[in-house]
1. In a GNM of the chain with a 10 Å cut-off on Cα contacts, which of 326, 336, 30 has the highest mean-square fluctuation?
2. Extending each Cα 7 Å along its Cβ direction at residue 221 and residue 433, get the distance between those two points in nm, one decimal.
3. Test of understanding: what is the full-extension gain from residue 269 to residue 356, defined as 0.36 nm times their sequence separation minus their Cα-Cα distance?
4. Tell me the label-point distance for the pair residue 175, residue 333, using the 7 Å Cα-to-Cβ offset, in nm and rounded to one decimal.
5. How big is the stretch 1-50 along each principal axis, measuring the range of its Cα positions in Å and listing the largest first?
6. Please work out how much length the chain gains when fully extended from residue 167 to residue 300, using 0.36 nm per residue of separation minus the C-alpha to C-alpha distance, in nm with one decimal.
7. If you take the C-alpha gyration tensor of the chain, multiply each eigenvalue by 5 and take the square root, what semi-axes do you get, largest first, in whole Å?
8. At R0 = 30 Å, how high is the FRET efficiency between residue 72 and residue 398 if r is their beta carbon distance? Nearest 0.05 is fine.
Ligand SMILES: *Cc1c(COP(=O)(O)O)cnc(C)c1O
């Protein structure tokens with residue numbers, strides 16, 4: 001429920017429970033999720049957790065919840081069958097139900113504040129709309145999210161939902177939210193809660209699909225290693241993959257697929273973690289410079305909190321962190337990386353469509369591009385498909401000259417009235433608005 005730790009850092013579990021993958025053979029997604037999550041939630045009866053997991057994924061429009069599609073370019077794990085058609089639903093549907101469960105038990109209330117580059121906001125709203133004891137305020141960069149993403153947020157009419165179009169970038173929105181949470185007094189007095197991937201429960205929920213999709217591959221029988229390619233922005237998704245590896249999943253490489261905002265690619269290639277201006281791309285949910293969740297991985301890389309703290313201070317003061325050769329080779333044991341600009345994204349969408357008649361969204365295309373760039377073995381590589389192509393229809397149309405078929409939940413948005421507030425890029429404005 002806390003989001004950020006009181007010293008301004010992120011929370012991690014004290015240890016990672018180990019999973020015997022043989023026990024997952026033949027299990028459906030909900031049961032795999034239960035096995036993965038119960039190790040982190042031993043303060044909740046397993047039966048209750050099971051009920052919440054079932055409730056959370058009942059709204060998904062595919063009966064397997066996470067279908068795996070085999071193509072010549074690798075396996076695509078479709079994580080986008082939830083109510084807002086992006087992978088964030090997988091975690092946020094569960095988070096909304098967990099919040100409601102805990103708040104009912106404590107008779108408490110929660111004032112959720114979150115920043116979004118597009119998909120988190122709508123998925124968070126879908127996760128908590130109408131839930132008792134919860135109010136949600138979402139900040140997004142005005143004019144920098146797709147039309148569908150904006151409508152998914154601004155057409156929700158529940159009283160507990162508030163959307164703000166902020167005059168700034170995603171990083172500005174995120175900085176406002178971080179500043180509010182860093183003020184421990186303010187946070188306590190106003191019962192602030194987080195839904196950004198700084199919330200550990202979201203990371204935890206995302207670990208499950210790494211296990212589940214692995215188990216669907218032929219290689220699972222022998223326990224062989226595979227790669228996961230992860231379209232990355234804030235490093236939450238790929239960090240969940242790293243945790244899966246630490247919990248015993250046989251992962252060879254976790255590939256950090258970036259777009260033109262390539263700070264993580266530069267980090268992996270030459271140890272250059274220096275922030276740059278954010279450039280808008282075809283894959284807006286990855287238009288990020290500072291990846292909050294990298295901090296979680298850096299704790300493991302450095303092996304202690306003091307060195308991590310020094311690095312975070314360095315980042316704040318100088319806009320960059322420098323890494324020694326030693327640390328970099330340690331990092332490369334687990335991670336590889338790639339970067340795709342807009343023309344590579346379009347080219348990749350065209351290539352996959354030509355070879356397999358399969359349409360991928362521009363975020364997923366950054367991932368598919370790295371399979372070719374890094375010469376990964378398609379038979380042993382899972383690419384996380386993070387959004388439904390119809391969510392980014394204009395890019396698909398530009399690349400293929402056809403429209404991606406819109407699912408029912410997107411079609412119906414066009415006719416709904418919208419509701420949002422234009423807001424300045426100022427912490428003070430939000431302090432006033434969020435005071436209870
Ligand atoms: C959020 C998002 C990403 C980036 O995920 P992170 O966990 O922030 O790295 C990639 N693709 C889509 C479609 C997203 O919504």
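Read the figures in this text as sums done on the coordinates, not as results from a lab. Nothing here was measured: the structure is a model prediction, and the numbers come from that model. A quick note on method: Cβ atoms are made from the backbone with ideal geometry, for glycine too, and the neighbour counts reach across all protein chains shown.
1. 326
2. So the two model labels end up 5.6 nm from each other.
3. Here the segment from residue 269 to residue 356 would lengthen by 28.2 nm.
4. Distance between label points: 3.6 nm.
5. For the stretch 1-50, the Cα extents along the three principal axes come out at 43, 22, 16 Å.
6. Details: separation 133, 0.36 × 133 = 47.88 nm, distance 3.59 nm.
That pair, residue 167 and residue 300, stretches by 44.3 nm at full extension.
7. 29, 25, 24
8. The computed FRET efficiency comes out at 0.80.
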